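The values are calculated or read from the model by the stated rules, or taken from the named source; none is laboratory data. Note that the coordinates shown come from a computational prediction; the quantities given were computed from them, not determined experimentally. Ideal geometry is used to build each Cβ from the backbone, glycine not excepted, and the neighbour counts take in all protein chains shown. For accessibility, only protein heavy atoms count, side chains too; no ligands or nucleic acids. Shrake-Rupley method; radii C 1.70, N 1.55, O 1.52, S 1.80 Å.
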Amino acid sequence: MKFNYLATYQLKDFFENNINNFEELLLSEAVNVKVKINEILQIGNIDLVNNAKNLVIYIINKKEKELQLFAKQEGIAWATHSIDLSFKLEWIQAIRRTVWFLIKEYNRLTNEQIIINFFTLEKEINNRIDDFLNSFFISYSKYKDSLIKAHRELVENLSVPIIPINSTVCILPLIGTVDKFRTNILEEKVLTEIGVTRIQTLIIDLSGIANMEVEVIDHLLKIIEGASMMGCKSVITGLRAEVVRKMIHLGCSFDKNTKTLGTLQQALQEYLRQ
């Protein structure tokens, strides 16, 4: 393995220019997670490798705010799709070991200049990784608790869990079968909730819906239109190809006030900043 290095490199430059080496080393460290990467990508559209690269760049560049936000997004995404936390723990520890391996290589190439500030650097790097883990688990736990509470109410409200993220943004994760009867309940719950809590943005995640009948699609579009009339913008995430094909053949589409994004994580990244 060849490391890219110039005499003028700072540590952050060294990492950015050896990101491919980072990926190779990381995958060699995370033995159990490595075989689950594609599965996790399919389950929750979570790209472990690219997310790891982003995490390391935030850590090395001391991007504390971005690190906290990223941890919160990751926690919500993992909780939403109930991904085994043991994989996350192994993955983060593999990232930690890989980061320190690259720091050792950087130190070797700079004739051990980094040793002068080693203990300061060790504290900073490990604290940021630990802060990320702490924020991730807090976010995961809070959102998981919200999901559990919502699922409990799901039995009573025919699976229409509207989960607040902040004072103006809520998530509506739809899972399983959505039939005509359920969309009637969905209409009542969504419009009532908007009226009571003054939601400004409702993120409707459809990644858990494999297929929908024609009349269900039509009813959902009307619910979104009704929400818009009440001043609530809808954001649709996780549309499956089967549903999109039906919409194309039916000639229907979302109105101009409705935004579509590929994944729930993309929506969280955008709307948690507000």
Set the Förster radius R0 to 25 Å, insert the Cβ-Cβ distance between Ala241 and Gln269 as r into 1/(1 + (r/R0)^6), and round the FRET efficiency to 0.05.
0.65
Check which residues have an amide H placed less than 5 Å from Ile171's amide H, if you skip close sequence neighbours.
Ile163, Ile165, Ile203
Cα-based equivalent ellipsoid of the chain: semi-axis lengths in Å, sorted from largest, via gyration tensor:
43, 18, 17
Give the lysines whose C-alpha is closer than 30 Å to that of Lys233, dropping any in the same chain fewer than 8 places away, or say none.
Lys65, Lys72, Lys142, Lys144, Lys149, Lys180, Lys189, Lys222, Lys246, Lys256, Lys259
If R0 is 30 Å, what FRET efficiency do you get for Ile43 and Met229 from their C-beta distance, rounded to 0.05?
0.30
Percent accessible area from carbon and sulfur atoms, the chain, protein chains only, probe 1.4 Å:
51
Over the chain, average the accessible area per residue using a 1.4 Å probe and give it in Å², no decimals.
52
Grab the beta carbon distance between Asp130 and Lys12, set R0 = 25 Å, and tell me the FRET efficiency rounded to 0.05.
0.80
Using the Cβ atoms and a cut-off under 10 Å, what net charge is assigned to the surroundings of Ser139, where Lys and Arg are +1 and Asp and Glu are -1?
+2
Using the Kirkwood formula on the Cα atoms of region 130-274, what hydrodynamic radius do you get, in angstrom to one decimal?
15.8
Rounded to the nearest whole number, the per residue volume of the convex hull around the C-alpha atoms of region 43-144 in Å³ is 88
